[in-house]
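Here's a structure for you.
FYI, it's all coordinate maths here, none of it is from the lab. Keep in mind that this is a model prediction, so the values were computed, not measured. Because the Cβ atoms are built from the backbone with ideal geometry, glycine has one as well, and the counts that use them run over all protein chains shown.
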Amino acid sequence: MKKPQRKNERRDFPRIKVNFIITYRINGSDGADDSQKEALPGLMEDLSEAGLAVLTKHKTSPLTPVTVEFMIYDYTSRDKDARVKVLRVDGEVRYVVPTGSSGYRMGVCFHQLDAKDRKLIRAFVTRMSK
C-alpha cells in the first residue's frame, strides 16, 4: 500500500524520523582498512521499507555493500513478551554527505528485504506515523 506522494518526493514508501542506535558492517572491498570489518556504530535518523539514513563517524563510499543491524518494536507480534526484534538487513550505501560535525549522513537502500521483515517495518512505520 503506497502513500500518496508529494510532487517533489521520489520515495515509494513512507518514512519516519527515528533515533535508534544501530551497527553496520562493510561487506565488500571498498578500500577500507581491516578495522572497518568490525561492527561500526551509527545513529539511525529515518526508516522506511526501502532503507534508512544513519549518522556515523566513518566515511563509506557510495555503492558499498553493508549489513545493518538494529532493534525494532514488533507491532505484528501477539506475544507481548517478544515484541522487540533484532533486524539484520543487507543493503547498499546510496549516498554519503558530510554533516559538518566530523561525521557523515549515510543513506542505505535495503536489498531483498524478506516479507516478514518488510511487514514488521511497515507496521512500525505506520504505527509511528500516527
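All other residues with a Cβ under 14 Å from the Cβ of Asp114 taken together, and with Lys, Arg as +1 and Asp, Glu as -1, what is their net charge?
Numbers: positive: Lys85, Arg88, Lys116, Arg118, Lys119, Arg122; negative: Glu49, Asp90, Asp117.
Its environment carries a net charge of +3.
May I ask you to evaluate 6.51 cos²θ - 1.76 cosθ + 1.60, the Karplus curve with θ = phi - 60°, for each residue of segment 87-94 and list the ³J(HN,Hα) values in order in whole Hz, giving x for glycine and proline?
9, 10, 10, 7, x, 9, 5, 9
Also, quick follow-up: Averaged over all directions, how much area does the convex hull of the C-alpha atoms of segment 16-129 cover when projected, in nm²? Mind showing how you got there, number by number?
On the way: hull surface 28.9 nm².
Orientation-averaged projected area of the Cα hull: 7.2 nm².
Shape of segment 87-130 from its Cα gyration tensor (a ≥ b ≥ c, root eigenvalues): rounded if a/c is under 1.5, otherwise prolate when a/b > b/c, or oblate?
Verdict is oblate for segment 87-130.
Around Glu45, which amide H atoms from residues at least 5 apart in sequence, or from another chain, sit under 5 Å from its own amide H, with H modelled in the peptide plane?
Hits under the 5 Å cutoff: Ala53, Val54, Leu55.
Now for a separate question. Residue by residue through segment 103-120, what is 3J(HN,Hα) from phi via Karplus (6.51 cos²θ - 1.76 cosθ + 1.60, θ = phi - 60°)? Round to whole Hz and write x for glycine and proline.
Coupling constants for segment 103-120: x, 9, 9, 10, x, 10, 9, 6, 10, 6, 5, 5, 4, 5, 5, 4, 4, 5 Hz.
So how many Lys-Lys pairs in segment 16-129 land under 18 Å Cα to Cα, not counting same-chain pairs under 8 apart?
Values: Lys37/Lys57; Lys37/Lys59; Lys80/Lys116; Lys80/Lys119; Lys85/Lys116; Lys85/Lys119.
Close lysine pairs found across segment 16-129: 6.
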